[in-house]
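A short write-up of the structure that comes next.
Nothing in this text is a laboratory measurement; each read-out follows from the coordinates by a stated rule. Quick caveat: nothing in here was measured; it's all calculated off a predicted structure. As a convention, Cβ positions derive from the backbone with ideal geometry for all residues, glycine included, and neighbour counts pool all protein chains shown.
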Amino acid sequence: MNKKNLFAIIFSSIVIGFIYNSLSPGGISLIREIRKLDFADDVPTISDTVNSQSEITNSTQEKKSSELKPSENVKKEKFNDEVEFKKPVAIKIDKAYELFQKGVKFIDARMPEEFNEGHIKGAINIPFDGDESYREALKSIKKDEIIVTYCSGTECDLSILLGDELFEKGYKKVYIFFGGWNDWLAKNYPIAKGAE
């Protein structure tokens, strides 16, 4: 077989592959799609499910027992459970710190070495590029719990990728902290080091 025939076979195989890929419903995109982030300012945000029970308790105490209608309580709780995003929503430093103060769970998408050098206090490490053993930590997080993913900063897309993956796995209250670790450090907010 000469080089000309070999080249023709390889070239035709590549062309057939591209044609099949473009016609296949499960084909791989040849051009990377840039993910446009929706920021929390642009969409309705999730009510604070962490403190929703205390809000209900406080409103109950403020009203006299005879005036309280059972449907008001149920409606308020139900609203918090039903509000979900259509996709993960990006937030900036101020909203991230507000959620941190309310006890929302933060997930660091960076590699363990970077996490151990420093991370947001109380965050757990689930590296996007890590092995499945890190995914075990997800079992402790309820699907209706608010989650914030972050990585190094605006140039890092690991938090976006992890946020999208968590959303696909059924976590419907996912925020992506766009400024990430760099913005957090710049504001001197609480940090931790090591595997803590």
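Tabulated results
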item: Relative exposure of L99, L6, L158, L185, judged by other C-beta atoms within 10 Å (fewest first); result: L6, L185, L158, L99
item: FRET efficiency estimate (nearest 0.05) - Cβ-Cβ, L6 to S133, R0 45 angstrom; result: 0.50
item: Built amide H within the under 5 Å cut-off of T149, gap 5+; result: I107, Y175, I176, F177
item: Likely footprinting exposure, E114, E98, E145, E136, fewest C-beta neighbours within 10 Å first; result: E136, E98, E145, E114
item: Sorted by Cβ density within 10 Å, fewest first, the residues F11, F167; result: F11, F167
item: Under Karplus coefficients 6.51, -1.76 and 1.60, residue-wise ³J(HN,Hα) of the range 155-172 in Hz, glycine/proline x; result: 7, 9, 9, 4, 5, 5, 4, 5, x, 5, 5, 4, 4, 5, 7, x, 7, 9
item: Rg/Rh ratio calculated on Cα atoms of the range 101-151 (Kirkwood radius); result: 0.95
